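S.K.: Structure incoming, see below.
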Amino acid sequence: MSDPRLTIGPPPWLKGMNEELARTGVPLDVLTAPGRRTGLPRSTPVTVAEIDGRRYLVGGFPAADWIKNVRAAGRATLTRHGGEPEPVRLVEVGPEEALPVLRAWPSITPDGVSMMVDAGVVTGPTPDELAEAVGICPVFRVEGDV
C-alpha cells in the first residue's frame, strides 16, 4: 500500500500568495518547466538549498504539478531573485543524498516546513521529522550548464 502523503498537494491558497509576492516585487527563485501534457512553460516559486557546494530543490508537497512536470521533462530554467534564467537539469536523488538535504530543510525554509506540517506531509518541524519524509518528498539536485 502506498503512503497517503504521496497524494498531498500544495494548499489551494499558496498560488495566490505566490502571485501576490511576485506582484509586490519580493525577489523569488522561480522554476519554469514544460508542462507534461501541453509542453507550455509552467512556473512556480521554489526554495533553492545550497549544501556542500551543490544546489537542491525539495518537493515539499509530493503531488505538486511542478514535480510531475520536472520528472517528465528532466529539465527546466531556474531564475534566481529576478535575474537571468539559467537552463538546468534536475536529477532526482536517492535516499542517501536526499537525507542531509531533508534534515537541513527546517533551517533553510522554516515557513515552508510549517506549511508541510499543516498539510500533514511531516509530523513536525525538526530535522528528524523531516528525515522521515525521505522517499515521500522528492529531492532534486540542480545541475547547470545544460
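S.K.: Could you give me the residue pairs with C-beta distances under 9 Å whose first residue belongs to region 104-124 and is within 17 Å of I8 (Cβ to Cβ) and free of Cβ contacts under 8 Å to residues at least 24 places away in the same chain, whose second residue is surrounded by 13 or more Cβ atoms within 10 Å (Cβ to Cβ) and among the hydroxyl-bearing types (S, T, Y) wherever it lies, and which are 6+ apart or on separate chains?
M.R.: V117/T123
S.K.: Pick out, from region 34-146, the strands (runs of 3 or more DSSP E) lying fully within it that include 1 or more residues that are basic (K, R). Let's see the steps before the verdict.
M.R.: Numbers: elements: 41-46, 49-51, 54-58, 75-79, 85-92, 139-143.
Because the criterion is at least 1 residues that are basic (K, R), the strands (runs of 3 or more DSSP E) in region 34-146 that meet it are 41-46, 54-58, 75-79, 85-92, 139-143.
S.K.: Here's a follow-up. Select from region 7-33 the residues that are in contact (Cβ under 8 Å) with a residue 24 or more places away in the chain and either part of a helix (DSSP H, G or I) or of a type in the set (S, T, Y) (or both) and list them in ascending order.
M.R.: Of region 7-33, the ones in contact (Cβ under 8 Å) with a residue 24 or more places away in the chain are 7-11, 14, 18, 21, 27-33.
Correct list: T7, L14, N18, L21, T32.
S.K.: Given the options E143, E96, E86, name the one that is without any contact (Cβ under 8 Å) to a residue 24 or more places away in the chain and farther than 16 Å from L6 by Cα.
M.R.: So the residue among E143, E96, E86 that is without any contact (Cβ under 8 Å) to a residue 24 or more places away in the chain and farther than 16 Å from L6 by Cα is E96.
S.K.: Name, by its number, the condition in (1) in contact with a Ser or Thr (Cβ under 8 Å, 6 or more places away or on another chain); (2) among the hydrophobic types (A, V, I, L, M, F, W, C); (3) more than 24 Å from P100 (Cα to Cα) that does not hold for L40.
M.R.: Every condition holds for L40 apart from (1).
S.K.: Does region 36-72 hold any residues that are surrounded by fewer than 18 Cβ atoms within 10 Å (Cβ to Cβ), more than 19 Å from N18 (Cα to Cα) and not charged (D, E, K, R), and which are they?
M.R.: T38, G39, L40, I51, G53, A72
S.K.: Shifting gears a bit: Any chance you could count how many residues in region 42-59 are aliphatic (A, V, I, L, M) and free of Cβ contacts under 8 Å to residues at least 12 places away in the same chain?
M.R.: Count: 0.
S.K.: What number goes with the only condition from (1) at pLDDT below 95; (2) buried (at least 17 other Cβ atoms within 10 Å of the Cβ) that L31 does not pass?
M.R.: Every listed condition holds for L31 apart from (1).
The values are calculated or read from the model by the stated rules, or taken from the named source; none is laboratory data. Quick caveat: nothing in here was measured; it's all calculated off a predicted structure. Neighbour counts run over all protein chains shown; Cβ positions are idealised from the backbone, glycine included.
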